1. Could you count how many residues in the range 30-66 are within 18 Å of the chain's Cα centre (by Cα) and within 21 Å of GLY17 (Cβ to Cβ)?
2. Just for the range 141-175: of the residues that are loosely packed, with under 15 Cβ neighbours inside 10 Å and of a type in the set (A, V, I, L, M, F, W, C), which one is farthest from the chain's Cα centre (by Cα)?
3. Starting from residues that are among the β-branched types (Val, Ile, Thr) and at pLDDT 85 or above, keep the ones in the range 108-140 and report whichever is surrounded by the most Cβ atoms within 10 Å (Cβ to Cβ).
4. Which members of the range 24-46 meet the condition of being closer than 19 Å to VAL181 by Cα and either touching a Phe, Trp or Tyr at 6+ places or on another chain (Cβ under 9 Å) or not aromatic (Phe, Trp, Tyr) (or both)?
5. What pairs come out if I take residues in the range 140-162 that are more than 17 Å from GLY17 (Cα to Cα) and pair them with residues that are among the acidic types (Asp, Glu) and in a helix (DSSP H, G or I) whose C-beta lies under 9 Å away, six or more apart or interchain?
6. Name the residues in the range 95-113 that are in contact with a helix residue (DSSP H, G or I) (Cβ under 8 Å, 6 or more places away or on another chain) and more than 19 Å from GLY22 (Cβ to Cβ), would you?
7. Every residue in the range 86-115 that is under 16 Å from PHE60 (Cα atoms) and either in a loop (DSSP other than H, G, I, E, B) or among the β-branched types (Val, Ile, Thr) (or both), please.
8. Give the residue that is surrounded by the fewest Cβ atoms within 10 Å (Cβ to Cβ), with candidates limited to residues of the range 79-107 that are among the charged types (D, E, K, R) and within 12 Å of the chain's Cα centre (by Cα).
Amino acid sequence: MTKHHSLIFLTGFSGSGKSTIGPLLANSLGYEFIDLDQRIEKHAGKTITRIFAESGEEHFRNLEHQTIEAVVEQNNLVISLGGGVLENDRAYDLIKESGTLVYLKSPSKTLARRLYNKTDRPLLKGKNGQKLSREEIEEKISTILSRREPRYESADITVHTDINRIGSTVEELTRKIERYVRKASSSTPD
């Protein structure tokens, strides 16, 4: 399989800006935007939370991989990945060999602030489903980030999403992607 430079995969923790920045970036590049989790939910006819509850994580990861396999057959896409997809070795390898991986990075304190009032994230709840404090959420995020960070850091491009306004971040990302793709294309033998 050859690497498609017209496939841009956005990775990062929940709350890092993938769903906000993704459509804007796609528009800036003239690409289509796909949210992988939404695509899985649409095909499965149920929410990811329900898929996990009824069929387990392994089943969800298989659905996720099948969806990625279908997506990599296309071109000119910005794909927002679920925060944990890179923990799946098969999905990680497929993504790395198929397109450009972009890490939207934010510190755990920023992520906790952004996610504190979200009620649709099982991650943010305690063992009995209770709402956690901001400090408890930040601690949970830090623990998960420490596990995911090596894969996130292997991205081709990293952009911090806690520094600039969204428009500036999208402009910076567009420039970095265009530069990366030009450089990668010129170093690829015919």
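1. Qualifying residue count, the range 30-66: 13.
2. ILE163
3. ILE137
4. Answer for the range 24-46, where residues must be closer than 19 Å to VAL181 by Cα and either touching a Phe, Trp or Tyr at 6+ places or on another chain (Cβ under 9 Å) or not aromatic (Phe, Trp, Tyr) (or both): LEU24, LEU25, ALA26, ASN27, SER28, LEU29, GLY30, GLU32.
5. What qualifies is ARG147/GLU87; ARG151/GLU87.
6. SER108, LYS109, ALA112, ARG113
7. Once the filter is applied, which keeps residues that are under 16 Å from PHE60 (Cα atoms) and either in a loop (DSSP other than H, G, I, E, B) or among the β-branched types (Val, Ile, Thr) (or both), the range 86-115 yields only ASN88.
8. By that ranking, first place goes to GLU87.
The values are calculated or read from the model by the stated rules, or taken from the named source; none is laboratory data. No experiment lies behind these values; they were computed from the predicted model shown. When we count neighbours, we look across all protein chains shown, and the Cβ atoms used for this are built from the backbone with ideal geometry, even at glycine.
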